[in-house]
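Below is one structure, written out as structure tokens; comments come after it.
The values are calculated or read from the model by the stated rules, or taken from the named source; none is laboratory data. Just so you know, these numbers come straight off a predicted model, no measurement behind them. For neighbour counting, all protein chains shown are included, and Cβ atoms are generated from backbone atoms with ideal geometry for every residue, glycine included.
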């Protein structure tokens, strides 16, 4: 039987002088509300409410935490509060703006500017469904990530990491600004200290070191995720998750299909960002920006006839293998 998620605050609930209008989103670690401030301005308020640690009955405001989970809850609470404090010091159009943060109802609330628009994930799904050779144009990918990297560089200069960069956490506002949202500091602290069954990372976008408790993380960890996001913008779906790549890495083969569609330069940048060895990646956002914005002629390689034949044969072999397995399974069931 699955655990019941803690109930969100009801509409018209008052917290810190803000009136809740409605719930906008909910995840494993918090709830985001649309709210109105004392001056009538619309804001987004994120409430620390980890579903693995707390319960909350409908119509109540206080989260209920079991005694054995209290220390872990407080650890995540402290990290969430410190994240709010740090983000409040950052002023950059590509980073979500934290206007206020406060403690109430034995939890913490982070008040941010309310953005209207859609996530990069939404745009990728729409573009992918058009079934064009290019999911996004190369110029779009370069300009989008140039904007995001400007913000991420400021974040790293403040000694912070995002730790959950993915298309769903890159928001494209209606006034055409790309904004990094939903930082994962509290999530990461809990993953290191807790013993949760659910993953604390997003498969495909999480660097290999995020799967190991004893590993060192740094700017290179976020840079891996940036590469994975660029990959998703090119192919329309996430790359294989890191542990799978470590046993059988098919990234080069997947990118080879795009030869002639995107420049070799851009594909080399993606592979550099997504090197399995952290030391083989760009060690700073500046180094990545320098390469992404590098002038000069873009190189385009065309697939050779041999490459096309090998790929076609690979597809036929895979399809045949699946067909054999399917027929074998049917035979087993009939027996």
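Inside the range 206-241, residues that are over 22 Å from residue 149 (Cα atoms) and part of a helix (DSSP H, G or I) make up a count of 1.
Exactly one condition in (1) farther than 18 Å from residue 161 by Cβ; (2) touching a strand residue (DSSP E or B) at 6+ places or on another chain (Cβ under 9 Å); (3) surrounded by fewer than 16 Cβ atoms within 10 Å (Cβ to Cβ) is false for residue 48; which is it? Failed condition: (3). Residues that are outside any helix (DSSP H, G or I) and either under 21 Å from the mean Cα position of the chain (by Cα) or closer than 23 Å to residue 289 by Cβ (or both) were ranked within the range 250-267; the one that is modelled with the lowest pLDDT is 258.
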